[in-house]
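Comments concern the structure below.
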Amino acid sequence: MDRNKSVSDFMNNFLATPEPELDNEYYEIEKQYIQHFGHSVPREMLPDSISMEQIKQSMKKCILSKTDNLFELLGVTINDDYLY
C-alpha cells in the first residue's frame, strides 16, 4: 500500500465531510430572547446534560410569559460557593 496515497485519501475525505448545519431556529429564538430581556442565553453556565431542544423550548416559554426564568425552567441553580 502506498503510504502517501492513504494520507492523501484521508485528507480528501476529511475535507469533503459536510459541515453541520447551523441551528437557525435557535438563533431566531435567541434574537427574540435578547430583544425581550436585554441579554443572551448564558449557555456556558448550563450543564451539558441539557439539550439544545430543551433550551429552545424554555426560551420560547420565557418569551411568551414575558418572564426571564430560564434557569428555573431548566432546573438550573447557580451556586455562589461552587464552580463546576
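Every number here is computed from the coordinates shown, using simple stated rules; none is lab data. For clarity, every value in this text was computed on a predicted model and none was experimentally measured. As a convention, Cβ positions derive from the backbone with ideal geometry for all residues, glycine included, and neighbour counts pool all protein chains shown.
From the phi of every residue in region 23-34, what ³J(HN,Hα) in whole Hz does the Karplus formula 6.51 cos²θ - 1.76 cosθ + 1.60 yield, where θ is phi - 60° and glycine or proline is x?
Result, rounded to whole Hz: 7, 5, 4, 4, 5, 5, 5, 5, 4, 5, 4, 5.
Please give me the summed charge of the neighbours of P47: other residues whose Cβ is under 15 Å from its Cβ, Lys and Arg +1, Asp and Glu -1.
Details: positive: R43; negative: E44, D48, E53, E72.
Every neighbour counted, the sum reads -3.
D68: net charge of surrounding residues, Cβ under 14 Å, Lys/Arg +1, Asp/Glu -1, itself excluded? It would help to have the intermediate numbers written out before the result.
Values: positive: K60, K61, K66; negative: E30, E72.
Around D68, the surrounding residues sum to +1.
How far is it, in nm, from the label point at E72 to the one at Q57 when both lie 7 Å from their Cα along the line to the Cβ?
1.9
For a quick check of your reading of the filter: which trypsin sites (Lys or Arg not before Pro) in region 39-76 sit in a DSSP loop and have no more than 11 other Cβ atoms within 10 Å?
Of the trypsin sites (Lys or Arg not before Pro), the ones in loops of region 39-76 whose Cβ has at most 11 other Cβ atoms within 10 Å are K66.
Quick one: Karplus J couplings for region 65-72, per residue in order, coefficients 6.51, -1.76, 1.60, θ = phi - 60°, nearest Hz, x for Gly and Pro?
8, 6, 10, 8, 10, 4, 4, 4
So what are the ³J(HN,Hα) numbers for region 58-63, from phi and the Karplus equation (6.51, -1.76, 1.60; θ = phi - 60°), rounded to whole Hz, Gly and Pro as x?
Calculated HN-Hα couplings, in order: 5, 4, 4, 4, 4, 5 Hz.
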